[in-house]
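Inspection log for the structure reproduced underneath, given as structure tokens.
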Amino acid sequence: MRAHYIARMTSAPAARLLSRLMALAGLASGIALLARPQQAVDRIAPAFPASRLWLVRALGVRLLLQHGAVLAMPGRTLIRVSSAVDLLHAASMVPFVSSPHYGRAARVSGGLAAAYAAAALAVAPPATGDRRLVH
């Protein structure tokens, strides 16, 4: 609720700045997962199988593309699409949350994706022509 209030009281340029800052965080996560997948797994989910590190790298690539696009063009439509991708990712993690090998990674990755999706939507700039935010 507080994020909704903050977004409503924020100007469109400030909302774009907040969206870009969040995209930078996503971009940094993608770089870390792509460049150092083993170190990320060792810290977050040590039971994650080394033979599946390609999944960590693939997630890193997705985060780079997704958040790079939002960083470049932080419009409401793109942020909605980006949030939908994050929500799909979170949903895809649900079947793995109780797995001894994938559970912790699924909970962390899915939880962060769901939280990011909600936060990104809360601070997204208004759609073109939307005058609900103070200018």
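Summary of computed values
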| item | result |
| --- | --- |
| Modelled label reach - V61, point 7 Å along Cα→Cβ, the range 77-116 residues with backbone N closer than 18 Å | 86, 89 |
| Stretch gain in nm, segment L24-A84, where the contour uses 0.36 nm per residue and the Cα spacing is subtracted | 19.8 nm |
| The chain - mean residue ellipticity at 222 nm from DSSP helices (-39,500 (n - 2.57) per run, n ≥ 4, rounded to 500) | -24000 deg cm²/dmol |
| Correct option for Rg/Rh (Cα atoms, Kirkwood Rh) [calculated from the coordinates] among (i) 1.07; (ii) 1.04; (iii) 1.12 | (ii) |
| Size of electric dipole in the chain: Cβ of Lys, Arg +1 and of Asp, Glu -1, about Cα centre, debye, nearest 20 | 180 |
| ³J(HN,Hα) computed for each position of the range 97-107 - Karplus, 6.51 cos²θ - 1.76 cosθ + 1.60, integer Hz, glycine/proline x | 4, 9, 5, x, 8, 10, x, 5, 4, 5, 5 |
| Segment W54-A69, extension gain: residue separation times 0.36 nm, minus the distance between their alpha carbons | 3.1 nm |
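Quick note: the coordinates plus some simple rules give every number you see, no bench work behind them. None of these values were measured; they are calculated from a predicted model. We place every Cβ from the backbone using ideal geometry, glycine too, and count neighbours over all the protein chains shown.
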